[in-house]
Amino acid sequence: MLTRQRGLAVRRPSRYGNGETQVHLRGLLTENLNLNLERSGATAATCGSGVTYGRPAPLESARWWARNTEAGAGSGPVGWPCRSMTQSVVVQVGQCGNQIGCCFWDLALREHAAVNKAVLIDMEEGVVNEILQGPLRDVFDSKQLITDISGSGNNWAVGHKVFGSLYQEKILEKLRKSAEHCDCLQCFFIIHSMGGGTGSGLGTFLLKVLEDEFPEVYRFVTSIYPSGEDDVITSPYNSILAMKELNEHADCVLPIDNQSLFDIISKIDLMVNSGKLGAAIKPKSLVTSSTGVFKNRQEKPFDAMNNIVANLLLNLTSSSRFEGSLNMDLNEISMNLVPFPQLHYLVSSLTPLYTLADVNIPPRRLDQMFSDAFSRDHQLIRADPRHSLYLACALMVRGNVQISDLRRNIERLKPSLQFVSWNQEGWKTSLCSVPPVGHSHSLLALANNTCVKPTFIELRERFLRLYKKKAHLHHYLQIEGMEESCFTEAVSSLSALIQEYNQLDATKSMPVEDLPRLNVAM
Amino acid sequence: MSIVTVQLGQCGNQIGFEVFDALFNDSHCSRGLCSKRENEAYQASCKERFFSEEENGVPVARAVLVDMEPKVINQTLSKAACSGRWKYGQHSCFCQKQGSGNNWAYGYSVHGPRHEESIMNLIRKEVEKCESLSGFFIIMSMAGGTGSGLGAFVTQNLQDQYSSALKMNQIIWPYGTGEVIVQNYNSILTLSHLYRSSDALLVHENDAVHKICVKLMNIKQVSFCDINQVLAHQLGSVFQPTYSGEGLFHYRRNPLGDLMENLVPHPEFKMLGVRNIPQMSENSLAYSTFTWAGLLKHLRQMLISNAKMEEGIDWQVRPPLSGLPPLGKMSVNKETHFNTSIANLVILRGKDVQSADVGAFKDPALYTSWLEPVHAFSVWKTQRAFRKYEKSAALVSNSQSLVKPLDMIVGKAWNMFASRAYLHQYTKFGIEEEDFLDSFTLLEQ
């Protein structure tokens, strides 16, 4: 299968001393030889202005191919008429977005290497060493293409209006090129934070651009929301302004907050260090671990938390990358989980967070995984879905789990969850046979639930507190194109959204009635 | 005469593979319990129907595989090729890269017209390989996007292009508690379209087959593979050759035509269900013996009490006393739960099949009043045993058993529709609210 993913990265001033804004393009191409004999070259990385690292020869791949397929009628590989799968383009914006993106690539490569062992063997014969020592390091470090001295200064307006217009053409060009190389572009993943300037402003500007330029391609946004104790003072402004864009131009948003990620890490540390488990925890299985292929990569701060998000993205796309008995493509996520176009915010939770070293997982352990997915400890955003109304829920299972296990657990958990009256069985399920590295199975739950409402309400509160005093407003208003109306529109957009959730919540306590059906005259 | 199978979507393709596998394994099964000549005639008939010959002797399934994303088709092709005994044609499949996203509208309005020509070409090629065409067997699910939407489109096309050939659609009824959230929408849209363009709809419910796996086959962790295999077994027992009127060694030439003739007397009623007996795991098989009388009795009760398997049959249900006409329009709230049939077909396979007595099925109380039992009931036989069962019986019936599930699905879809949920996903691709309303109207009838 072909997974080709490219990233477009825009950085803002690093807190770690690098005072430049850089824009660079990176790409990663991994290929499973099983499907496509013509495309036998796997380029390890395409970086910036067309530097590519080709693998030695199609000959290598042909030999591998011959070793690993059953020749059948003896005339060589059976013709695989179907070509590669869909591609996604990852757009990483801002410091936060970039750091998460880094972790994502690392883990993705590790996952595919584990599945396609033969590919890795081939790569080790020459290319991998070259990569490790050589220029691929640059993929994860900065490589300048477009630079700008000042950053966005934590100002949404700068990111959105100034950098947006400045770099629109260049970015568009790169995006078009990426898209052309894709056989079938299915979706864009945008990773950014809401509280800063670049990620928030330029990131959301890109959303509009993507919608205009590629209207048929889905836009999935992973947004890091600011916690209450965020150190950026203007984060409420930035978040609210960004929310308006998300409301209007994103197909699906996965809100995540740092506090939840932090809590998950604390929990893991507790388990690891408490020693009461006795058996060792497999190191690679930690959802926070970053032992990817590239061991030389320096571990940066926030890495543990970023890895959790990276794992989220991996699991999200697993069913479209690997085979399973009940596949789910990314467009199915949007189709099933978004009943009304505005309500596209999904609460995500991941299990398991670690695996114990014993190999045989009895069914009870499996059921525990399902229960965990609905516990607040495993959510990536602070919310309380159990006491709110579910509009829809998706369960994406990986590993050796069968349909009967899935159904048994749904039956078990259903009574404690409240679903909206017209979608009482609002479950979407998928089974992928390939588990993540280090685990025998895993579960990602995505819920469209009214419990995101408090998060938004709180955000609005913080915004209004600042806005009433007009604090820091001049930084925004002095940017060309920004007016007070931008702020008021953004707030009303958010209020409308909250209102929609309110309406749904109001139906929560009403009894479920079947509406009168059509009466057909015979 | 041959049947061309069209496998659509993940479900269709996964099932299709199991069906061909079952058919092939059965026809080459060594425990046919009949004479060699008999066996050869059986094999030849089966082969003619479902497989065509290739140069090196490996049978090639007469099938066209269609899916909008490549993973499942590749899996299916490789499984068949790896078995070494039969395979799919190398060029008989069509796929795209991006699926239909569980969206009926996308499958029907976008993928359909876009790929109409390629798909119909593939089908035509397969048809040309047949000496004479009995009809089409289309396998699809109702809940997803490709199987349901594209399936409806293809069936309509087949109706236009091959109006003289018969079409039977094998549709999979989804689990009640959701595999896909919008499955109710997809199902009603599919059913309403298929009812207009298909000749018969053979329905299998995931819930029912799942129960069979759990109770009868004793499978602890039921997987889709298990479910598909049970399904394939049921289908195989229906489609494998049986005697025509001429007696021994002569097998029916036109399976689809005969099925339709017997079971679909009126175009308004074309939903069929299959019941099979006995059905058990291979381990238990070695220890069981059967009599025809016992099997048939169970089968009859399964029919009238609307049970799908031989365990847990409600023996209390009895047909209404003859003389009292059954009510004109059976409402689902009727207490007796008696399942009236329009037509039934019993297929018997195995030892001493001539001695089996199917008189109980000719009871007019089982049937509606507007059809004579002699027209409503028929039986097919063959001495050749099916798979490893010494005796087995299958019942294909056109009865009320599907009214209740249909009612449930329409109810749920209607509720969702009333709150306008998910509609924007469909209108995006051209299915408007009126189309929904049309579907509801048709199904309420």
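Out of curiosity, is A:SER371 closer than 25 Å to B:ASN102 by Cα, modelled with pLDDT of 85 or more and either assigned by the TED database to the domain that holds A:MET305 or of a type in the set (Lys, Arg) (or both)? Criteria not met by A:SER371.
All of (1) within 14 Å of chain A (Cβ to nearest Cβ); (2) touching a residue at least 40 places away in the same chain (Cβ under 8 Å); (3) assigned to a helix (DSSP H, G or I) hold for B:LEU235 with one exception: (1).
Pairs are defined by a Cβ separation below 6 Å, a sequence spacing of at least 6 or placement on different chains, a first member in segment A:196-208 that is within 14 Å of A:LEU246 (Cβ to Cβ), and a second member that is part of a helix (DSSP H, G or I) and of a type in the set (Asp, Glu); the pairs so defined are A:THR204/A:GLU245; A:LEU207/A:GLU245.
Among the residues of segment A:317-333, the ones that are surrounded by 24 or more Cβ atoms within 10 Å (Cβ to Cβ), among the polar types (S, T, N, Q) and facing another protein chain (nearest Cβ under 7 Å) come to 1 in all. Of A:LEU391, A:LEU413, A:LEU343, all but one fail to be closer than 21 Å to B:VAL182 by Cα, part of a helix (DSSP H, G or I) and either of a type in the set (Val, Ile, Thr) or at pLDDT 85 or above (or both); the exception is A:LEU413.
Sort through B:GLN14, B:GLN10, B:GLN75, B:GLN98 and tell me the only one that's at pLDDT below 80 and under 30 Å from A:VAL217 (Cβ atoms). After ruling out the rest, the residue left standing is B:GLN98.
Of the strands (runs of 3 or more DSSP E) lying entirely inside segment A:137-252, those containing at least 1 residues that are at pLDDT 85 or above and touching a Gly at 6+ places or on another chain (Cβ under 8 Å) are A:185-193, A:218-225. Of all residues in segment B:389-445, those satisfying the criterion of being closer than 30 Å to A:GLU216 by Cα, polar (S, T, N, Q) and modelled with pLDDT of 75 or more are B:ASN415, B:SER419, B:GLN425, B:THR427.
Please specify each residue of segment B:150-191 satisfying the condition of being within 14 Å of chain A (Cβ to nearest Cβ) and part of a loop (DSSP other than H, G, I, E, B). Selection gives B:PRO174, B:TYR175, B:GLY176, B:THR177, B:GLY178, B:GLU179, B:VAL180, B:ILE181, B:VAL182. None of B:ASN121, B:ASN157, B:ASN169 is free of Cβ contacts under 8 Å to residues at least 60 places away in the same chain, over 17 Å from B:VAL410 (Cα atoms) and crowded, with 24+ Cβ neighbours inside 10 Å except B:ASN169. A:PRO415 passes every criterion in (1) over 26 Å from B:CYS225 (Cβ atoms); (2) at the interface with another protein chain (Cβ under 9 Å from one of its Cβ atoms); (3) free of Cβ contacts under 8 Å to residues at least 12 places away in the same chain apart from (2).
Pairs meeting the criteria (first residue in segment B:199-227 and within 13 Å of chain A (Cβ to nearest Cβ) and part of a loop (DSSP other than H, G, I, E, B), second residue among the acidic types (Asp, Glu) and buried (at least 18 other Cβ atoms within 10 Å of the Cβ), beta carbons under 6 Å, at least 6 apart or on different chains) are B:ILE219/B:ASP226.
Looking across segment B:75-93, just one residue is touching a Leu at 6+ places or on another chain (Cβ under 7 Å) and either at the interface with chain A (Cβ under 8 Å from one of its Cβ atoms) or without any contact (Cβ under 8 Å) to a residue 12 or more places away in the chain (or both), and that is B:CYS93.
The residues on offer are B:ARG114, B:ARG37, B:ARG62, and the sole one that is buried (at least 19 other Cβ atoms within 10 Å of the Cβ), out of contact with any His (no Cβ under 8 Å at 6 or more places or on another chain), more than 8 Å from chain A (Cβ to nearest Cβ) and on the phi < 0 side of the Ramachandran plot is B:ARG62. Applying the set (1) at pLDDT 90 or above; (2) more than 14 Å from every other protein chain (Cβ to nearest Cβ) to A:LEU446 leaves exactly one unmet item: (2).
The values are calculated or read from the model by the stated rules, or taken from the named source; none is laboratory data. Keep in mind that what you see is a predicted model, and the values were worked out from it rather than measured. So basically every Cβ, Gly included, is an ideal-geometry build from the backbone, and we count neighbours across all protein chains shown.
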